[in-house]
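Heads up, the thing below is written out as structure tokens.
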Amino acid sequence: MEAQEKSTLLQQESVGEKKHNKHIFSNNKKSLEIYRKSMKKAIKTIGNHLQGRNTPFTGTGISTIKSRIDAIHLENNSSGKSLDFVLEELKDIYLNDCIHFHDPKYIAHLNCPILTPTLVAEAFVSSLNSSMDTYDQSTGGTFIELKLIDWTIEKLGYPKNADGIFTSGGTQSNMMGLLLARDHYIKKHYGIDPKMDGLPPEASKFRVLCSEVSHFSLKKNLSLLGLGQNAVIPVAVDTDFKMNINALKKVIQQQKDLGNIPIAIVGTAGTTDFGSIDPLTEIASIAHQNDIWFHVDAAYGGGLLISEQYKGKLEGIELSDSVTIDYHKTFYQPVSSSGFFMRNKSFVDYIKYHADYLNSKEQEDEGIPNMVKKSIQTTRRFDALKLWFTLRMIGTEGLSTYIEKAMDNALFTADVLRNRNDFEIIHQPEISTVVFRYTPFQENGASYCALNSHIRKAIFNEGKAIITSTKVYNEVFLKFTLLNPLTTRKDLEEVIALIVHHGQEYSLKN
Ligand SMILES: Cc1ncc(COP(=O)(O)O)c(C=O)c1O
């Protein structure tokens, strides 16, 4: 190549590099200026968007929403677009029709409104992008996370020797509980190390007992753990949708008689549909007598730990071997933020791995905290910082008022519905869900499934509120999941009026 030609090529390269390097976030003046301006535009767009709508949804149809994204061709954009262009496009393809969990009439799933301090924390989490797997990628972050783990352990009433880790969600935390339960049993009873040698033939007989209304992630996780979904043995619930202790005892005996091996019981502290809390102390005692693992899925109910008024509902959780807590539910954190806790630090040996490039044995011997050994993830977000901002700025007293208000709203809704003769409510709210159905006809044996399915759908398609439905004993019921402390009694009465409106409209047409 001629010298002249070579120099032109190098010049072109550096112009191209300069053009693209401006997007790399760094501490140079230009980059920080771009960051400031960009974030300002993003915040303005979010603010304008939020102020421009006061319903949880717009009712726009799924085909319209899909077609807008289908129309964008990523391969035709090799040189990139401006932020203004992308923000404008985002309004059309996402923002204008996105679901607003913060709306007081969003009362469908377990999505909480989030706290402003957590959004400030998110800016740090993303901008500095620490990774929590090792101390040399997170420094102070490691100790902030450890402090919050200790804080939660204290709230749980676990012994000093307990440990924990932040995870991506309740599903992952439940997976860790089941994994530890499985490997603990194998090590104790077969003297083999499942981490190295896999499962013994007897594993095909392992069974995990949980209430028939526990979360589906238990089944999914057991299939991932090589035990199969059929290893989940459902235990009947009582009329309050809590695990029936006599049924539990019977099921354990039945499984033993069949030659199967119960290795764990999972108690749920806050079932997804009913918010019901299984009798944890009694389950702990049965697990103890049978020498099997006791995991508590407190993904939903965990928030009660910080409420002086309601923490008694979780009594017995301190007797468990492991616990799942979702901070992104009743601690009002943005997704993702969850925790897994184990009663004994040594349980971590079942998943511990020393990678020379990350967490060598030598580093651990030096006393450097080793977070990756406790996690089934490697690279991991600094989600703990959001909870840190929450506790530093709001404190437990403030935080507990949110779930307490939501629980008050659930009791109010139950009272209203119980006093009407056109609704049937099938439980007394334990936390903040209410399961009921619209039953306007007096005839015996009438099926209300189609009517209540229609109501849920019609309300969603209208966008003024969002509620959900579930099936109980194969019948369709409606559900309110109340987490927003800003939801008022008037809001709840208005949503009930919407249900009646759509129900009556349907009845007239059918
Ligand atoms: C009782 C229960 N456990 C576990 C989960 C799963 O949690 P995540 O969605 O954070 O994975 C949920 C989710 O709603 C739940 O209600």
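Side notes on the structure shown:
- Cβ-Cβ under 6 Å pairs, at least 6 apart or on other chains, region 161-175 side hydrophobic (A, V, I, L, M, F, W, C), far side open to solvent by 20 Å² or more (accessible area, probe 1.4 Å): Ala162/Arg343
- Residue list for region 113-149, restricted to those being touching a strand residue (DSSP E or B) at 6+ places or on another chain (Cβ under 9 Å) and farther than 19 Å from Arg380 by Cα: Pro113
- Residue count for region 210-219, restricted to those that are part of a helix (DSSP H, G or I) and within 10 Å of the ligand (Cβ to nearest atom): 2.
- Comparison of Leu227, Leu258 shows that the only residue that is at pLDDT 95 or above, away from the ligand (no atom under 16 Å from the Cβ) and open to solvent by 50 Å² or more (accessible area, probe 1.4 Å) is Leu258.
- Out of Met371, Met393, Met342, sole residue that is away from the ligand (no atom under 16 Å from the Cβ) and touching a strand residue (DSSP E or B) at 6+ places or on another chain (Cβ under 6 Å): Met342
- Filter result (farther than 21 Å from His102 by Cα, open to solvent by 20 Å² or more (accessible area, probe 1.4 Å) and within 16 Å of the ligand (Cβ to nearest atom)) within region 296-339: Lys313
- Taken together, the criteria place Val266 among residues that are among the β-branched types (Val, Ile, Thr) and within 16 Å of the ligand (Cβ to nearest atom).
- Selection from region 131-151 of residues that are farther than 21 Å from Thr390 by Cα and open to solvent by less than 40 Å² (accessible area, probe 1.4 Å): Asp133, Thr134
- Within region 106-146, tally of residues that are part of a helix (DSSP H, G or I) and within 30 Å of Thr468 (Cα to Cα): 5
- Exactly one residue out of Asp356, Asp415 is more than 16 Å from the ligand (Cβ to nearest atom) and more than 30 Å from Pro113 (Cβ to Cβ), and it is Asp356.
- The listed residue being open to solvent by less than 30 Å² (accessible area, probe 1.4 Å) and either under 29 Å from Ile107 (Cα atoms) or at pLDDT below 95 (or both), out of Val237, Val213, Val208: Val237
- Scanning region 240-254 for residues that are open to solvent by less than 80 Å² (accessible area, probe 1.4 Å), touching a helix residue (DSSP H, G or I) at 6+ places or on another chain (Cβ under 9 Å) and part of a helix (DSSP H, G or I) yields a count of 3.
- All positions within region 380-390 that are out of contact with any strand residue (DSSP E or B) (no Cβ under 8 Å at 6 or more places or on another chain) and either surrounded by 22 or more Cβ atoms within 10 Å (Cβ to Cβ) or of a type in the set (Gly, Ala, Ser) (or both): Phe382, Leu385, Lys386, Leu387, Thr390
- In region 152-190, residue farthest from Arg207 (Cα to Cα) [restricted to those that are away from the ligand (no atom under 16 Å from the Cβ), open to solvent by 30 Å² or more (accessible area, probe 1.4 Å) and part of a loop (DSSP other than H, G, I, E, B)]: Lys160
The values are calculated or read from the model by the stated rules, or taken from the named source; none is laboratory data. Computed from a prediction, not measured in an experiment: that's the story for all the values here. Methodologically, a virtual Cβ is constructed for each residue, glycine included, from the backbone with ideal geometry; neighbour enumeration extends over all protein chains shown. Ligands, DNA and RNA are excluded from the accessible area calculation, which covers all protein heavy atoms including side chains. Shrake-Rupley method; radii C 1.70, N 1.55, O 1.52, S 1.80 Å.
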